[in-house]
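Before any comments, here is the structure.
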Amino acid sequence: MKLIVGAAALSIFAVIITSCETALKSAPPVTAAFIQAGRREKADARTLEAGRKVFLNRCISCHALPEIARYDSARIPGIVSWMSYRAHLTPEQREALVKYLLTVRANSRPPGT
Amino acid sequence: MKLIALSLSLLLPILAAASAFAGSRRFTYVYEVTTSPPGDVEVENWITWKTRRPDDRGFDQVEFRHELEFGITDKFQAAIYIADWNYHRGLSTGERGLTLSGSALELIYDLTNPVADSVGLAVYQEFQGGYRRFESETKLLAQKNFGKFVAAYNATLEAEWEGEGLEERQGEFQQSLGLSYEVSPRLLFGAEFVHEVAFPDWSNTERGKFFAGPNISIRHRTNWVTVTALAQITRAGDEPDFQLRTVFGFSF
């Protein structure tokens, strides 16, 4: 009993410390600067928001949110079609997700590269 | 009994063929907050082997559950337990043999997201009916994903009515905690902890029972299997000292 309460308390504590940081790193929110850095993708805020929602809701049930910055932009559409069958994505959701992930990728590059 | 076995043997291949693979589970005793995507239909098969009770050394029971899961909206999932049945032997179970314990309806509604929000929450309601038996299970599911690490906690209130006029009542409070680490999307390790307190007749409280043990989850293509081994830490006479639960989903 004490063990469970202790463990639960510990997890809640850990949650508070790390929660904001993890989501922001793998799935950055759609801000003006974020859209600007990914302007080559020609995606509007609504599409990017929709893509982020798909990413956060559909890509977490089997594994951790992938760190998209690790993948080459050319591989991103392929990864999304590979996984979209598993995540039951509609063509629109798939497209929004690709745009969002490409924008995440563009944002992760240091400026000037 | 033969009829049950026959209908199950007809049902199983159909279930297997309809199988998909949306949410591969990380745990087998603990529920996760994430639900199946809308339009998804998934089959999960459960096998739980329970053995040796402190009061009945010869006790052995194998429980089977065949579950059909439907994603309805982004936040809402329904599931049907088509059949829960078991094979048992041992002094405390009466005659050895097969028992069909019932069917159930399960509903899960997501409130918050375990990655984006500070804690992911969902509510769970299950109704189970069987021969002279009705059961309701209400759970609060909580979960937090920290990168490759997931912590999930369930609090469950269970009410059971049994007997000819359903006049025997009993309640139970259960808490469970699951911790899981993803080595790769194909291989995850973790541990599960279960704590139960029963209230026979809803009046007196029995001593709490506590179980703990490791788990592993493996995914291959569109198939997955998760196994948990639980040992009883307390010495409750009517609970198994050891249980092993396997849940798997597969498709062709």
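The values are calculated or read from the model by the stated rules, or taken from the named source; none is laboratory data. The shown structure was predicted, so the numbers you read here are calculated from the model rather than taken from an experiment. Cβ sites come from the backbone with ideal geometry, for glycine too, and all protein chains shown count toward neighbours.
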Legend entry - Verdict on residue A:34 being buried (at least 16 other Cβ atoms within 10 Å of the Cβ), modelled with pLDDT of 95 or more and within 27 Å of residue B:119 (Cα to Cα): no
Inset, instruction - Go through the range B:21-57 residue by residue and tally those that are in contact with a Ser or Thr (Cβ under 9 Å, 6 or more places away or on another chain), farther than 22 Å from residue B:84 by Cβ and more than 14 Å from every other protein chain (Cβ to nearest Cβ). - result: 1
Inset, instruction - Select from the range B:113-154 the residues that are more than 9 Å from chain A (Cβ to nearest Cβ) and in a loop (DSSP other than H, G, I, E, B) and write down the one among them that is surrounded by the fewest Cβ atoms within 10 Å (Cβ to Cβ). - result: B:131
Inset, instruction - Name the residue, out of A:86, A:70, A:46, that is under 25 Å from residue B:186 (Cβ atoms), more than 9 Å from every other protein chain (Cβ to nearest Cβ) and not β-branched (Val, Ile, Thr). - result: A:70
Inset, instruction - Inspect the range B:191-198 for any residue being touching a Ser or Thr at 6+ places or on another chain (Cβ under 8 Å) and among the acidic types (Asp, Glu) and give the result as yes or no. - result: yes
Inset, instruction - Check whether at least one residue in the range B:155-165 is within 12 Å of another protein chain (Cβ to nearest Cβ) and farther than 22 Å from residue B:71 by Cβ, and report yes or no. - result: yes
Inset, instruction - Check the range A:4-15 and report whether any residue there is buried (at least 17 other Cβ atoms within 10 Å of the Cβ), farther than 15 Å from residue B:119 by Cα and either within 14 Å of another protein chain (Cβ to nearest Cβ) or at pLDDT below 85 (or both). - result: yes
Legend entry - Complete set of residues in the range B:28-67 that are in a strand (DSSP E or B), within 26 Å of residue B:131 (Cβ to Cβ) and over 13 Å from the mean Cα position of the chain (by Cα): B:43, B:50, B:51, B:53, B:56, B:58, B:59, B:60, B:61, B:62
Inset, instruction - Could you tell me which numbered condition residue B:99 fails, if it satisfies all but one of (1) crowded, with 18+ Cβ neighbours inside 10 Å; (2) within 30 Å of residue B:145 (Cα to Cα)? - result: (2)
Inset, instruction - Return yes when residue B:210 is at pLDDT below 95 and either more than 30 Å from residue A:68 (Cβ to Cβ) or outside any strand (DSSP E or B) (or both) and no when it is not. - result: no
Inset, instruction - Determine if the range B:186-208 includes at least one residue that is within 10 Å of chain A (Cβ to nearest Cβ), out of contact with any His (no Cβ under 8 Å at 6 or more places or on another chain) and free of Cβ contacts under 8 Å to residues at least 24 places away in the same chain. - result: yes
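Yes or no, residue by residue, for (1) assigned to a strand (DSSP E or B); (2) among the small types (Gly, Ala, Ser); (3) more than 12 Å from residue B:192 (Cβ to Cβ):
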site: B:225; (1), (2), (3): yes, no, yes
site: B:230; (1), (2), (3): yes, no, no
site: B:238; (1), (2), (3): no, no, yes
site: B:243; (1), (2), (3): yes, no, no
Legend entry - Test: residue B:176 is under 26 Å from residue B:229 (Cα atoms), part of a strand (DSSP E or B), within 17 Å of the chain's Cα centre (by Cα) and within 14 Å of chain A (Cβ to nearest Cβ): yes
Legend entry - Failed item in (1) within 27 Å of residue B:113 (Cα to Cα); (2) part of a loop (DSSP other than H, G, I, E, B), with residue B:190 passing the rest: (2)
Legend entry - Sole residue being more than 22 Å from residue B:244 (Cβ to Cβ), out of contact with any helix residue (DSSP H, G or I) (no Cβ under 9 Å at 6 or more places or on another chain) and of a type in the set (Phe, Trp, Tyr), chosen from B:189, B:199: B:199
Inset, instruction - Show the residue pairs that are 6+ apart or on different chains and have beta-carbon atoms under 8 Å apart, the first residue being within the range A:94-109 and acidic (Asp, Glu), the second being part of a helix (DSSP H, G or I). - result: A:95/A:47
